[in-house]
Amino acid sequence: MSSAEQHPPATTTGAIPRPRRRVPFWDNARFACVILVVLGHGIQRLTYDSEIAESLYLVIYAFHMPAFAIISGYFSKSISPNRRQMARVITDILVPYVIFEMLWMLTKWLVEGQADPNLTQPSWTLWFLLALGIFRLVLPYLALLRWPLVWALAISIGVGYMSNVDSTFSLSRTLGLLFFFTLGWWLSEHDIVQRFQLIDYRPWWLRAGAVAVLAAWSFVVWNWVDVWHAVDLRQWFFYDDSYTELTGGLTWWAGGVRLVVMTLAIVLSAAFFVLIPRRGQWWTTLGQYTMYVYLLHSFVLYPFRESGVLRGLDPTWFWLPAVTLLSVATTFVLASKPVRRLFRPLIEPRPRWMFADPDVIGSGHRNDPTGSRRSG
């Protein structure tokens, strides 16, 4: 959810290593992903009254979080963490998680008059913070195995059969998305992107194919939206509920449905990445700060979500584009410098007092929860 760097080229003994070069594509991809996150949450209330909004919602949710997980995995390391990396799990994931859970508890108490403090049940978007922490813990063990992708796939599909694995600490959703995170790491570990020039090689027919894939999925969603609504397809895209909850009973074929859903997510994510600009844009640098957008946008949308003002809006041809533009504008505002300066103590805390050795936090460059680097 933040920025990324290309791996540095190898240097000969005694040579001065060249500085790492930022790859604009990854910043662009992150920012595009977080726009989809905000847009998906923004139009959610419209889906109850508009089939067009529901279709757009299903198109987005089919791949946007798997794409985020792939990017996060691509910039993660499978080696055993050192002391500084362990400390950053605390400062970059656990501390912001507790801070924002407390903020949500206060918000619910002020707005709804009640609050249920429970750190084991992440509020709204905070599940992804825990997911990133669990991904980091699991990856070194998966990397020890001969076929890490196969094991990760087995976990992501198999967890759905376990009704006792639920949303506590977002475990069901995390394990459901584990394969995508592992896939991102595997692509980096085997240097697939660089070897096959997947960022630089963009012939017209590949871009046309990507557009065709996304258009085809949009048509399928829109043409059979009643069917997808009847089978509650959106719940399959959350990777959260067990198969028993999704189907009303334990069915042996449910794992096959998840496999199809995961395959769809990979195909759509690939098409999405093909269409991402590979060169720097005027908004590219904002891709370094998507964690600000991710953690703050839910507070912006919360009043609209709870007040019901987004229900019954008609005509759709006006309100859906209006909410879309508002969602995109919200993304840009929350990634802006004034917002970052104001909320940095909450999103990038540096609680040196917590550590027996305060220097373990380090200085200079900070790694955000997605494993990418930016200037402090």
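The values are calculated or read from the model by the stated rules, or taken from the named source; none is laboratory data. Worth saying up front: this structure is predicted, and the values here are computed from it rather than measured. Here the Cβ positions follow ideal geometry from the backbone for every residue, glycine too, while neighbour counts run over all protein chains shown.
A few notes on this one:
- Number of the condition not met by Tyr141 [criteria: (1) in contact (Cβ under 8 Å) with a residue 40 or more places away in the chain; (2) of a type in the set (Ser, Thr, Tyr); (3) surrounded by fewer than 16 Cβ atoms within 10 Å (Cβ to Cβ)]: (1)
- Positions within region 350-365 being of a type outside the set (A, V, I, L, M), surrounded by 14 or more Cβ atoms within 10 Å (Cβ to Cβ) and either at pLDDT below 85 or over 17 Å from Gln85 (Cβ atoms) (or both), in sequence order: Gly362
- Top-ranked residue in region 168-204 [being of a type in the set (Ser, Thr, Tyr) and surrounded by fewer than 16 Cβ atoms within 10 Å (Cβ to Cβ); ranked as nearest to Leu144 (Cα to Cα)]: Thr168
- Residues (surrounded by fewer than 19 Cβ atoms within 10 Å (Cβ to Cβ) and under 21 Å from Ile347 (Cα atoms)) located in region 102-122: Met102, Leu103, Met105, Leu106, Thr107, Lys108, Pro117, Asn118, Leu119, Thr120, Gln121
- Filtered by the rule that a residue be crowded, with 17+ Cβ neighbours inside 10 Å and either among the charged types (D, E, K, R) or under 24 Å from Leu214 (Cβ atoms) (or both), region 275-291 gives Ile276, Arg278, Thr284, Leu286, Gly287, Thr290.
- In region 233-246, the residues that are more than 13 Å from Ala265 (Cβ to Cβ) and without any contact (Cβ under 8 Å) to a residue 40 or more places away in the chain reach residues that are assigned to a loop (DSSP other than H, G, I, E, B) and acidic (Asp, Glu) with C-beta atoms within less than 7 angstrom, at least six apart or across chains, in these pairs: Gln235/Asp241.
- Cβ pairs under 6 Å, 6+ apart, first in region 301-317 and in contact (Cβ under 8 Å) with a residue 24 or more places away in the chain, second among the hydrophobic types (A, V, I, L, M, F, W, C) and part of a helix (DSSP H, G or I): Leu310/Leu46; Leu310/Phe304; Leu313/Trp319; Thr316/Ile52
- Among residues of region 55-77 being modelled with pLDDT of 95 or more and either part of a loop (DSSP other than H, G, I, E, B) or basic (Lys, Arg) (or both), the one that is surrounded by the fewest Cβ atoms within 10 Å (Cβ to Cβ) is Ala62.
- Criterion violated by Leu286 - all others in (1) outside any helix (DSSP H, G or I); (2) under 30 Å from Trp204 (Cα atoms) satisfied: (1)
- Selection status of Tyr201, of a type in the set (Ser, Thr, Tyr), over 20 Å from the mean Cα position of the chain (by Cα) and part of a helix (DSSP H, G or I): no
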